[in-house]
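See structure below.
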Amino acid sequence: MPVEGEKVVNDAHFGESSFILYPNLIIKAIRMSREKTLFLVRHGENLANITKEMSCRKVDYSLTEKGRLQAEQTGIYFEDKEIHAIYASPLKRAVETAEIIASRLGLSVIVMENFRELNVGDLEDMGNSPEAWQIHLQVIRDWMNGRPERRFPGGEDYFEARQRLRDGVDGVLSHGNGGNILVVGHGGLFSVGLSDLCPEADRSVLRSKEFHNCSVSEMVMRQVDDRWVGTLVRWADARHLSGEAAELVSGLP
């Protein structure tokens, strides 16, 4: 028997005597049931990882040979994951990584500005100087310790970076391009956005596990109203890399 507030519908699509909720509850149920898997992949190794230069706009290196190998192994890893669409930051290291992965999967790459690395502004002009890195690390510490308004000199603050990633993720997940989406981008931006994309994730993973080249993070994303909210499955996993590709270089000085 249907409970009060429900009606019975005889329809071949739903099966005999299926219960259908009233329209406002139907819409909410459909939205809550929408689910996609989002893979965030950091680009492969490039020269800036070795020289410790900051690279977001002016400094833009291609992958090293090891970086290409990392991307190739990552492409092999994703062959059985039924990826439906691949997006990338416009920086060379991300586009090249995405293209290598996409060639394995028979897909094309869509480049989006939203997934560019953190805009560190004037620090990019300071190369790998200790002073530049001191400022960079202090800004990140401030963001993680309750000062999100702190801005990179000539660059962006936490709110701007987080919203940029959020807009990109909401856009690609709402596009109707399948259930498994891969974004190739940058460890800095992905790390900043974790608590927004996956509010219940343990933020301690950001301190305990570095987002190495071609590391993979996986999130199950569910649409709640007009916003996609994630559950973190794994963070910065590089276990698919082997041999030379697994000889990882830290992105920090």
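Here's the yes/no breakdown for (1) among the β-branched types (Val, Ile, Thr); (2) over 23 Å from Leu194 (Cβ atoms); (3) over 16 Å from the mean Cα position of the chain (by Cα):
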position	(1), (2), (3)
Ser55	no, no, yes
Val59	yes, yes, yes
Glu72	no, yes, yes
Ala94	no, no, no
Ser103	no, yes, yes
Glu117	no, no, no
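Residue check: is Ala132 in a helix (DSSP H, G or I), buried (at least 18 other Cβ atoms within 10 Å of the Cβ) and more than 21 Å from the chain's Cα centre (by Cα)? In short, yes. Starting from segment 103-124, take each residue that is on the phi > 0 side of the Ramachandran plot and list its partners that are exposed (fewer than 15 other Cβ atoms within 10 Å of the Cβ) and modelled with pLDDT of 95 or more, counting only C-beta distances under 7 angstrom and pairs at least six apart or across chains. Hits for this filter: Gly121/Pro153; Gly121/Gly154. Scanning segment 140-159 for residues that are within 26 Å of Ile110 (Cβ to Cβ) and free of Cβ contacts under 8 Å to residues at least 12 places away in the same chain turns up just one, Phe159. Within segment 97-120, the set of residues being out of contact with any helix residue (DSSP H, G or I) (no Cβ under 7 Å at 6 or more places or on another chain), part of a helix (DSSP H, G or I) and surrounded by 17 or more Cβ atoms within 10 Å (Cβ to Cβ) comprises Ala98, Glu99, Ala102.
Note on segment 142-160: among residues that are more than 19 Å from Asp60 (Cα to Cα) and within 21 Å of the chain's Cα centre (by Cα), the one that is surrounded by the most Cβ atoms within 10 Å (Cβ to Cβ) is Tyr158. Checking His240, His186, His212 one by one, the residue that is at pLDDT 95 or above and farther than 19 Å from Ala88 by Cα is His240 and no other.
The values are calculated or read from the model by the stated rules, or taken from the named source; none is laboratory data. What you are looking at is a predicted structure, and each value in this text was computed from that prediction instead of being measured. Please note: Cβ atoms are built from the backbone with ideal geometry, for glycine as well, and neighbour counts cover all protein chains shown.
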